[in-house]
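Colleague: Pasting a structure here, questions to come.
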Amino acid sequence: MPTIIIVDDEEELRENLQDLLEFKGYTVISYPNGEDMLKQIDSINSDVFLLDFQLPGLSGIELIPHIRAKFPDIPIGLVTASSQPNTIEEAESNGVNRIIFKPYSPMDMLQAVEEMLNQEAI
């Protein structure tokens, strides 16, 4: 089954998302911040990255170049509560494959993950 990496500082949201994806059969590895994920990047094997836009320290956008350097073709989803045009443009120009807006339903998230698993990075 595919492996999904989650980076989100909101513990309850991160755990709920992990439970949802694991229930659907995915392998999930989660991190509370970008720095912890970067420490492990050389040992990560992922099929999709789900990054929170606003993280303490490195933001989701700031993580993308590090992920792209190691995984140029792995889809990245950016989870955000902001629908500001500049947020969306910044995400797209940094190579995000999918923007997932909070609040999202479990079905919306599962559909987004499935679509990312079936595409190549932009």
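The values are calculated or read from the model by the stated rules, or taken from the named source; none is laboratory data. All values derive from a computational prediction rather than experimental measurement. Positions of Cβ are generated from backbone atoms using ideal geometry, with glycine treated the same way; all protein chains shown enter the neighbour counts.
Colleague: If the requirement is being in contact with a His (Cβ under 9 Å, 6 or more places away or on another chain), at pLDDT 95 or above and hydrophobic (A, V, I, L, M, F, W, C), which of these qualifies: Leu38, Leu21?
Modeller: Going through Leu38, Leu21 in turn, the sole match is Leu38.
Colleague: Shifting gears a bit: Being within 17 Å of Asp8 (Cβ to Cβ) and touching a residue at least 40 places away in the same chain (Cβ under 8 Å), is that true of even one residue in the stretch 27-43?
Modeller: Scanning the stretch 27-43 turns up no residue that is within 17 Å of Asp8 (Cβ to Cβ) and touching a residue at least 40 places away in the same chain (Cβ under 8 Å).
Colleague: Go through the stretch 1-35 and report how many residues are of a type in the set (Phe, Trp, Tyr) and either part of a strand (DSSP E or B) or closer than 25 Å to Ile88 by Cβ (or both).
Modeller: Of the residues in the stretch 1-35, 1 are of a type in the set (Phe, Trp, Tyr) and either part of a strand (DSSP E or B) or closer than 25 Å to Ile88 by Cβ (or both).
Colleague: So which residues in the stretch 24-35 are in contact with a helix residue (DSSP H, G or I) (Cβ under 7 Å, 6 or more places away or on another chain) and either of a type in the set (Gly, Ala, Ser) or at pLDDT below 95 (or both), if there are any at all?
Modeller: Answer for the stretch 24-35, where residues must be in contact with a helix residue (DSSP H, G or I) (Cβ under 7 Å, 6 or more places away or on another chain) and either of a type in the set (Gly, Ala, Ser) or at pLDDT below 95 (or both): Ser30, Gly34.
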